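A short write-up of the structure that comes next.
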Amino acid sequence: MEKRQQLYAGKAKSVYHTSDPERMILHFRDDTSAFDGERMESLARKGMVNNKFNAFIMQKLEAAGIPTHFDGLFSDTECVVKKLEMIPVECVVRNIAAGSLVRRLGVEEGIELNPPTFELFLKNDAQHDPMINESLAESFGWATPEQLAEMKRLTFRVNDVLKALFADGGLLLVDYKLEFGLFDGEIVLGDEFSPDGCRLWDAKTREKLDKDRFRQGLGGVIEAYEEVGRRIGVDFG
Ligand code: TMP
């Protein structure tokens, strides 16, 4: 398969056409964004680390029966994916209170959420990814009730698989965001799963080992991503 022209450049990844109309190449760049693109920085090795991290996780999810767009690695910083028709809705599950939930509700960071929560956000940087609900998604035609039900079911399945995987590495999966798309009418997990789109804390010390290190200016961002990867068995080569 050949890489062809660029279709789209997002904040941290670029998407390319390929010689196969049903496949795309995702290029993980070193660019790091926070606050909907307000803060941008290039962090050495991030593209490679997130590409290999994402490949590892997507393969674990596929093995657990969750359909994903991931096909295989293409290079150190690129992978081949199925071409999805993306649904502009972000699905967030939280096991522990942090981030926007803490700001919105004034609850204490770190409290356990039992059962885990499920939230929907509209993928729209200009509006700062506003929180939405199923009624809004249906009325505006972003997703059908059936698609939303399947996205919710799969997002919780991902929680079962990944909470256990990270727990084995001495890590707490605090929260995460997933994006889905359609491939031949089927809901398939798209985008990426990396420490850019989730929160991971050391289970003992509760040290933050995810993109909050960048958002909060704590330093050691990529070192933390590599540490998490090493603990769960990612091979960075
Ligand atoms: P939040 O606390 O900012 O709502 O984010 C919850 C989780 O989802 C956190 O792990 C970060 C991730 N997330 C993104 O990666 N991108 C987004 O646009 C949003 C809304 C959340």
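Results, tabulated for the structure shown:
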| quantity | calculated |
| --- | --- |
| Long-range neighbours under 6 Å by Cβ, at least six apart or interchain, first residue hydroxyl-bearing (Ser, Thr, Tyr) within the range 96-118, second at pLDDT 95 or above and within 12 Å of the ligand (Cβ to nearest atom) | Thr117/Arg94 |
| Residues that are open to solvent by 50 Å² or more (accessible area, probe 1.4 Å), touching a residue at least 12 places away in the same chain (Cβ under 8 Å) and small (Gly, Ala, Ser), drawn from the range 127-172 | Ala167 |
| Candidates Leu178, Leu171 - the one that is among the hydrophobic types (A, V, I, L, M, F, W, C), touching a helix residue (DSSP H, G or I) at 6+ places or on another chain (Cβ under 9 Å) and within 12 Å of the ligand (Cβ to nearest atom) | Leu178 |
| Qualifying positions in the range 186-201 - acidic (Asp, Glu) and more than 16 Å from the ligand (Cβ to nearest atom) | Glu186 |
| Given (1) within 12 Å of the ligand (Cβ to nearest atom); (2) of a type outside the set (Asp, Glu); (3) surrounded by fewer than 20 Cβ atoms within 10 Å (Cβ to Cβ); (4) under 30 Å from Arg23 (Cβ atoms), index of the condition Arg215 fails | (4) |
| The range 17-38, residues that are in contact (Cβ under 8 Å) with a residue 60 or more places away in the chain and of a type outside the set (A, V, I, L, M) | Thr18, Pro21, Glu22, Arg23, Phe28, Thr32, Phe35, Asp36, Gly37 |
| Test: residue in the range 19-31 that is assigned to a loop (DSSP other than H, G, I, E, B), out of contact with any Lys or Arg (no Cβ under 8 Å at 6 or more places or on another chain) and closer than 30 Å to Leu136 by Cα | no |
| Strands (runs of 3 or more DSSP E) within the range 44-117 that include 2 or more residues open to solvent by 20 Å² or more (accessible area, probe 1.4 Å) and within 16 Å of the ligand (Cβ to nearest atom) | 85-96 |
| Selection status of Leu200, part of a strand (DSSP E or B) and open to solvent by less than 60 Å² (accessible area, probe 1.4 Å) | yes |
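The values are calculated or read from the model by the stated rules, or taken from the named source; none is laboratory data. Note that this is a predicted model, so its numbers are computed, not measured. Glycine gets a Cβ as well: all are built from the backbone with ideal geometry, and neighbour counts include every protein chain shown. These area figures cover heavy atoms from the full protein model, side chains too; ligands, DNA and RNA do not enter into them. Shrake-Rupley method; radii C 1.70, N 1.55, O 1.52, S 1.80 Å.
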